[in-house]
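The values are calculated or read from the model by the stated rules, or taken from the named source; none is laboratory data. It should be emphasised that the depicted structure is a prediction, and the values quoted were computed from it without experimental measurement. Quick reminder, even Gly has a Cβ in these numbers, built from the backbone with ideal geometry, and neighbours come from all protein chains shown.
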Amino acid sequence: MPVDMWVHRLDQLHAMRRAIRQFVEPVGMIADDVTLAANELATNALVYAGAPCHVSGQFVDAAVRFGSTDGAPAPLQLFARPAPAAAVGGRGLAIVQRVASRWGVEPVQGGKTVWFEVDVR
């Protein structure tokens, strides 16, 4: 069953991670990596956009695609910068970039969707 849920608070991320793991494990994907990358997108939306986000996951052709849609129209930089070694955060997009086969940002009405795809092997 595809992942389709709203996340309003950081304490709801656990339920989102569980839904993502249940979605990808049956096809033999590396659930830890995919779950981590999706968690980073949702966390970024909650922390930096300051609003709830809609998380979706589905199969598209020979890949699984996850997206996090928030209500902040501010553009997102399409590159991941290295975080200082002592920094607590700042590694989310680098993690997504490492796990994903492809990723990007799409503007939507009133906000944006940050997405990534992982090829099913």
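Computed quantities for the displayed model
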{"item": "Answer residue from the range 8-30, given it is outside any helix (DSSP H, G or I) and surrounded by 13 or more Cβ atoms within 10 Å (Cβ to Cβ) and is modelled with the highest pLDDT among those", "result": "ILE30"}
{"item": "Selection within the range 22-46 - acidic (Asp, Glu) and over 8 Å from the mean Cα position of the chain (by Cα)", "result": "GLU25, ASP32, ASP33"}
{"item": "The range 13-66, residues that are farther than 21 Å from ARG98 by Cβ and touching a Ser or Thr at 6+ places or on another chain (Cβ under 8 Å)", "result": "CYS53, HIS54, SER56"}
{"item": "Boolean, PHE59 is surrounded by 22 or more Cβ atoms within 10 Å (Cβ to Cβ) and either touching a residue at least 24 places away in the same chain (Cβ under 8 Å) or assigned to a helix (DSSP H, G or I) (or both)", "result": "no"}
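Residues are listed down the side, and each one gets a yes or a no for (1) among the small types (Gly, Ala, Ser); (2) under 17 Å from PRO2 (Cα atoms); (3) in a strand (DSSP E or B); (4) at pLDDT 80 or above:
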position: ASP32; (1), (2), (3), (4): no, no, no, yes
position: ASN39; (1), (2), (3), (4): no, yes, no, yes
position: PHE66; (1), (2), (3), (4): no, yes, yes, yes
position: PRO73; (1), (2), (3), (4): no, no, no, no
position: LEU76; (1), (2), (3), (4): no, no, no, no
position: PHE79; (1), (2), (3), (4): no, no, no, no
position: ALA87; (1), (2), (3), (4): yes, no, no, no
position: ARG98; (1), (2), (3), (4): no, no, no, yes
